[in-house]
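Chemist: I am attaching a structure below and will ask some questions about it afterwards.
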Amino acid sequence: MADILNYINGQWKASDSGDWIDNVEPATGQVYSRLPDSNTGDINEAVNAAQAAFPSWAGMTPERRSEFMLRIADLIDRDLEMLAQAESKDNGKTVKLAMKVDIPRASANMRFYATAIRHYASEAHVTAGEMVNYTVRSPHGVAGCISPWNLPLYLFTWKIAPALAAGNCVVAKPSELTPMTAYLFCKLCEEAGLPAGVLNVVHGTGKRAGQALVAHPKVPVISFTGGTVTGRHISGVAAPMFKKLSLELGGKNPNIVFADCNLEEAVSKSVESSFANQGEICLCGSRIMVEESIYDNFVDQFVEKANKLRVGDPTEETSHMGALVSEAHLEKVMGYVKLAKEEGGKIASGGDRVKLPGRCAAGYFHEPTIITGLDMHCRTNQEEIFGPVVTITSFKSEESAVAMANETAYGLSATLWTENLKRAHRVAHALHSGIVWVNCWLLRDLRTPFGGTKQSGVGREGGWDALDFFTEPKNICIKL
Ligand code: NAD
């Protein structure tokens, strides 16, 4: 059985606690490796290493830091297949998806910030004859980066890339459910010659290692992606210490389909935005709202298309959906399907666990599930399920669609389908969410601000926003 180790100060280490956590392959339900159950001592050691490495890393030219990061990006590309297989085994997603999305995006994240930092200039404000102000942006020191299990390497690199590019040293804690690719990533950093202590990865649970990182007095900045409940807890620890916080949290995203849309495109992309990665993407459109006049037609076509998705062994090329990340998560999803029925929902398709034969007999598979007949106020339509479960609800007017869409505590992303340009702008402006996709979904330009409003988060990642977050501005005013 392979042991995953912490990477601290360029050294491979088990936890000082001597404790381990089993790492389960979701597709088989079998333990296949273990990871350190790290504690405060391990976090302290990692923070000390990052602090010691900081002056030299921050003192390098951006070009020099960029060279290290580009080398790492190239190594990710070289190992694409191996990393995709590792991600699939660890998370349950299909190898096909990891090959197409997760791993290429991880190298893109590294490359994007490796090059962005070369163009990150300071601002100046000049009042002729009176004064000149200029802004210096310096890295904070040690950045704490905490990432979730759904897009493991993709979201891990989405944080550490801007942190490192800006000149911070990092202590990162990946999800205990999917630690493997962060571990393999550290091996690539070692191969690329990244100086010891610049990136430190400490594995373990949120309650132990994560909590110690958030509470550490020498970590002034925390970038967190995960659930809203965890985000609230982290705020409670970090805010009284006046830490800079970025929180990317949950969502309950509306997907609004107007009668004047291109129906074929809307159906096909909506199936993808519902069930890609088993519905375990924070941006999945889990509340589909369809204009009354095309509702029946949409539901028929959507169900027909979803029924063609094959839930299967994630290693097989013909599988469209793999396993959910854990048994506990499968139970959570099944609990919501039960709740939906109790709330009066009708299962238009799916609704059950999938039992596969052979190797995957004990895996955590679930059918793509479509529920109709619920109103927007019920728990099924208000709480994040984060699995392959969507509801479809009809609406009568543009105003009611916007009201329904905005009627949750979340505000991460929204999608809308219409061929009417004015309506597209009007509705996009009226939606309470950080991201709006019009006639598309998950079409990403890494320069754009990424994040949510309301209980979906605080702050934005992406583009200059992430570099601003990972630096402290200082204004210097000179009298002329
Ligand atoms: P989670 O909140 O359970 O865990 C996320 C990370 O936080 C893990 O590494 C975990 O170990 C750590 N953690 C848990 N408790 C902690 C604590 N007390 N202190 C410090 N760290 C702690 O979330 P998850 O189940 O891994 O991920 C799913 C959630 O993430 C969903 O709600 C999803 O919407 C959200 N998500 C959001 C985005 C986004 O960009 N907004 C992206 C992906 C996932």
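The values are calculated or read from the model by the stated rules, or taken from the named source; none is laboratory data. Since we're looking at a predicted model, the values are computed, not measured. Glycine also receives a Cβ, built like all others from the backbone with ideal geometry; neighbour counts cover every protein chain displayed.
Chemist: Which residues, taken from the range 338-361, are surrounded by 13 or more Cβ atoms within 10 Å (Cβ to Cβ) and of a type in the set (A, V, I, L, M)?
Modeler: Within the range 338-361, Leu339, Ala340, Ile347, Ala348, Val354, Leu356 qualify.
Chemist: Which residue is nearest to the ligand (Cβ to nearest atom), if the candidates are limited to the range 455-480 and must be under 17 Å from the mean Cα position of the chain (by Cα) and in a strand (DSSP E or B)?
Modeler: My answer is Gly457.
Chemist: To continue, here is another question. Check Leu309, Leu330, Leu283, Leu324 and return the single one that is surrounded by fewer than 24 Cβ atoms within 10 Å (Cβ to Cβ), within 16 Å of the ligand (Cβ to nearest atom) and in a loop (DSSP other than H, G, I, E, B).
Modeler: Values: Leu309 fails: within 16 Å of the ligand (Cβ to nearest atom); Leu330 fails: in a loop (DSSP other than H, G, I, E, B); Leu324 fails: surrounded by fewer than 24 Cβ atoms within 10 Å (Cβ to Cβ).
Matching residue, one of Leu309, Leu330, Leu283, Leu324: Leu283.
Here's the yes/no breakdown for (1) surrounded by fewer than 24 Cβ atoms within 10 Å (Cβ to Cβ); (2) among the charged types (D, E, K, R); (3) within 19 Å of the chain's Cα centre (by Cα):
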site	(1), (2), (3)
Val229	yes, no, yes
Ala238	yes, no, no
Lys244	yes, yes, no
Leu249	no, no, yes
Ala276	yes, no, yes
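Chemist: Identify the single condition in (1) within 13 Å of the ligand (Cβ to nearest atom); (2) acidic (Asp, Glu); (3) over 23 Å from Pro217 (Cα atoms) that Glu248 does not satisfy, given that it satisfies every other one.
Modeler: It fails just one condition, (3).
Chemist: Do we find a residue being within 15 Å of the ligand (Cβ to nearest atom), touching a helix residue (DSSP H, G or I) at 6+ places or on another chain (Cβ under 8 Å) and farther than 30 Å from Gly363 by Cβ anywhere in the range 93-101?
Modeler: no
Chemist: Looking only at residues that are under 22 Å from Ala2 (Cβ atoms) and of a type in the set (Lys, Arg) in the range 63-122, which one is surrounded by the fewest Cβ atoms within 10 Å (Cβ to Cβ)?
Modeler: Arg78
Yes or no, residue by residue, for (1) buried (at least 21 other Cβ atoms within 10 Å of the Cβ); (2) within 16 Å of the ligand (Cβ to nearest atom):
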| position | (1), (2) |
| --- | --- |
| Ser138 | no, no |
| Thr157 | yes, yes |
| Val171 | yes, yes |
| Ser175 | yes, yes |
| Thr181 | yes, yes |
| Leu194 | yes, no |
| Gly197 | yes, no |
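Chemist: Now for a separate question. What about Asn150, is it under 24 Å from the mean Cα position of the chain (by Cα), within 24 Å of Thr225 (Cα to Cα) and either within 16 Å of the ligand (Cβ to nearest atom) or surrounded by fewer than 24 Cβ atoms within 10 Å (Cβ to Cβ) (or both)?
Modeler: Yes, satisfied.
Chemist: Scan the range 229-261 for residues that are in a loop (DSSP other than H, G, I, E, B) and over 19 Å from Ser433 (Cα atoms) and jot them down.
Modeler: Phe242, Lys243, Ala259, Asp260, Cys261
Chemist: Looking only at the range 398-431, how many residues end up being of a type in the set (Lys, Arg) and touching a Leu at 6+ places or on another chain (Cβ under 8 Å)? Please lay out each step first, then the result.
Modeler: The initial filter retains those residues of the range 398-431 that are of a type in the set (Lys, Arg), namely 422-423, 426.
Among the residues that remain, those that are also touching a Leu at 6+ places or on another chain (Cβ under 8 Å) are: none.
Going through the range 398-431 one residue at a time, the tally reaches 0.
Chemist: I'd like the full set of residues that are in a loop (DSSP other than H, G, I, E, B) and out of contact with any Ser or Thr (no Cβ under 8 Å at 6 or more places or on another chain), limited to the range 215-228.
Modeler: Applying the first criterion (in a loop (DSSP other than H, G, I, E, B)) to the range 215-228 yields 216-220, 226-227.
His216, Pro217, Lys218, Val219, Pro220, Gly227 - these are the residues of the range 215-228 that are in a loop (DSSP other than H, G, I, E, B) and out of contact with any Ser or Thr (no Cβ under 8 Å at 6 or more places or on another chain).
Chemist: Right, something else. Has the range 409-418 got any residue that is without any contact (Cβ under 8 Å) to a residue 40 or more places away in the chain, within 30 Å of Arg310 (Cβ to Cβ) and away from the ligand (no atom under 16 Å from the Cβ)?
Modeler: No, the range 409-418 contains no residue that is without any contact (Cβ under 8 Å) to a residue 40 or more places away in the chain, within 30 Å of Arg310 (Cβ to Cβ) and away from the ligand (no atom under 16 Å from the Cβ).
Chemist: Next question. Hey, any hits in the range 406-413 for a residue that's in the same structural domain as Phe275 (by TED's automatic domain parsing) and among the charged types (D, E, K, R)?
Modeler: yes
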